[in-house]
Amino acid sequence: MRRKVLIGFVIGALSVLPMALQAGSFAGKDTRSLKEAAGGRFLLGVATSPKVLANPVDSALVKRHFQILTPDNCMKPQAVQPSEGAWNFKAADSFADFARKNGLQVTGHCLVWAKDDRTSAWMMEENGAPVSRETMLKRIETHVTKVAKRYADVATMWDVVNEAVADGGGEQILRDSVYSRTTGMDFLVTAFKAARAADPDALLIYNDYGDHNPAKLAKIVTMLKELKRLGAPVDAFGMQGHFQIGEESIKGMRNTIAAMRELGLKVVVSELDIDVIPRNRWWTDGGKHREELAKINPYPDSLPSELQQRLATQYLALFKVFVENSDIIERVSFWNVHDEESWLNNFPWKRVNHPLFFDRQRQPKPAFDAVHKYLSAPENHVRPPSPTP
Ligand code: XIL
């Protein structure tokens, strides 16, 4: 894996200049690079699609700043195996080819998405009846093996299982889904073992959101301990990192990192963004605020400068924690390249969002400036001792 990283870095660095010039004058003038500023403390990554990679301005931005790409949708189970045995690798292959051609790495996402609304009907049934445990485990093994082998040359990390833990308080550790109902925790064990067998060098990740909520973190830790006991080869926890403006997330993040340190696991920040139009209330009070929220679209043209500054301050605080803990943080990946691409323009309601480092003109925002400056400062390359939790 280390060799793949080094070769990727050299090719990536050589390719930055000509592409930046091709991509337009702004890119040619601004020679800053986020991955260079990170300087090997962790990999810088981004989730995106073949469509964005086909746009020369966007692909130049990707190559300049990032070392590792996550397919945002095209490698998901429903995309690559829409019905049993009917594989569709067209988009995922083109995504992987872009990475290969440009000396970039891939985080495969995701081999199992443990939610019923993200699972095709065929996976849930067998001859018109609910799928048996044996068949489900076999199907998972087949899927994981096929996909992980196909991209093993370029994927250095895999989100093996996504979002398996139940939200909120309560006793139930695993989210209720066809996977947990049918197999308990065994679907996770099968998926991780198959991923290890198919791509032995890759970092295998359990990926989830909401870990800055202490109740959910406790469940995640319980599940990870149990997986270890059952012999599932989990290497890292993927902290999705979908934050909101004004949210106090630092304490929770430190708790998560400390917990993973104790379990002997690595951490990846897998899906970083900061929603500037807070969305919490979408899920509270049985969804009764949704009609009102769906009308909220406060920044249709641009983000006011006061908010730009708040976004910068919040991102900077996050990156300080990443640097402090860079001995166990392997990667920090944004979820999408620029504000126009962000999934938060559509989720959970349609609005014009501004959660990332690059705006709709693909220009770096104050958040980029602040974090780039911080990462570049030589004094921040010396990691202070990790804080005691
Ligand atoms: C999202 C994509 O960005 C959207 O385009 C799609 O409609 C739904 O999925 N957590 C994950 C990602 O692990 O797979 C999700 O991606 C965002 C939340």
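If we scan the range 297-305, do we find a residue that is closer than 19 Å to TYR209 by Cβ and either within 16 Å of the ligand (Cβ to nearest atom) or buried (at least 19 other Cβ atoms within 10 Å of the Cβ) (or both)?
Scanning the range 297-305 turns up no residue that is closer than 19 Å to TYR209 by Cβ and either within 16 Å of the ligand (Cβ to nearest atom) or buried (at least 19 other Cβ atoms within 10 Å of the Cβ) (or both).
With respect to (1) more than 16 Å from the ligand (Cβ to nearest atom); (2) farther than 22 Å from THR70 by Cα; (3) at pLDDT 95 or above, the lone exception for HIS372 is condition (2).
Is it true that ARG150 is within 22 Å of PHE89 (Cβ to Cβ) and surrounded by 20 or more Cβ atoms within 10 Å (Cβ to Cβ)?
Values: within 22 Å of PHE89 (Cβ to Cβ): yes; surrounded by 20 or more Cβ atoms within 10 Å (Cβ to Cβ): yes.
So ARG150 fits the description; yes.
Name the single residue, out of those in the range 80-92 being surrounded by fewer than 17 Cβ atoms within 10 Å (Cβ to Cβ) and touching a residue at least 24 places away in the same chain (Cβ under 8 Å), that is nearest to the ligand (Cβ to nearest atom). Once the filter is applied, the top-ranked residue is PRO82.
When the residues of the range 160-196 are filtered to those that are among the β-branched types (Val, Ile, Thr) and within 16 Å of the ligand (Cβ to nearest atom), the one that is farthest from PHE237 (Cα to Cα) is VAL165.
Is there a residue in the range 96-109 that is among the basic types (Lys, Arg) and more than 11 Å from the ligand (Cβ to nearest atom)?
Yes: one or more hits.
If you go through the range 328-335 one residue at a time, do you hit one that is touching a Pro at 6+ places or on another chain (Cβ under 9 Å), free of Cβ contacts under 8 Å to residues at least 40 places away in the same chain and within 16 Å of the ligand (Cβ to nearest atom)? So far as the range 328-335 goes, no, none of its residues is touching a Pro at 6+ places or on another chain (Cβ under 9 Å), free of Cβ contacts under 8 Å to residues at least 40 places away in the same chain and within 16 Å of the ligand (Cβ to nearest atom).
Could you tell me which numbered condition THR119 fails, if it satisfies all but one of (1) of a type outside the set (Lys, Arg); (2) within 16 Å of ILE205 (Cβ to Cβ); (3) within 14 Å of the ligand (Cβ to nearest atom); (4) out of contact with any Asp or Glu (no Cβ under 6 Å at 6 or more places or on another chain)? Of everything listed in (1) of a type outside the set (Lys, Arg); (2) within 16 Å of ILE205 (Cβ to Cβ); (3) within 14 Å of the ligand (Cβ to nearest atom); (4) out of contact with any Asp or Glu (no Cβ under 6 Å at 6 or more places or on another chain), THR119 misses just condition (2). Being assigned to a loop (DSSP other than H, G, I, E, B) and surrounded by 22 or more Cβ atoms within 10 Å (Cβ to Cβ) is a condition met by at least one residue of the range 50-66. Looking across ARG351, ARG331, ARG310, one residue alone is surrounded by fewer than 20 Cβ atoms within 10 Å (Cβ to Cβ) and among the charged types (D, E, K, R). It is ARG310.
The values are calculated or read from the model by the stated rules, or taken from the named source; none is laboratory data. In this text the structure is predicted, and so the values were computed from the model without any measurement. FYI the Cβ positions are ideal-geometry reconstructions off the backbone, even for glycines, and counts take in every protein chain you see.
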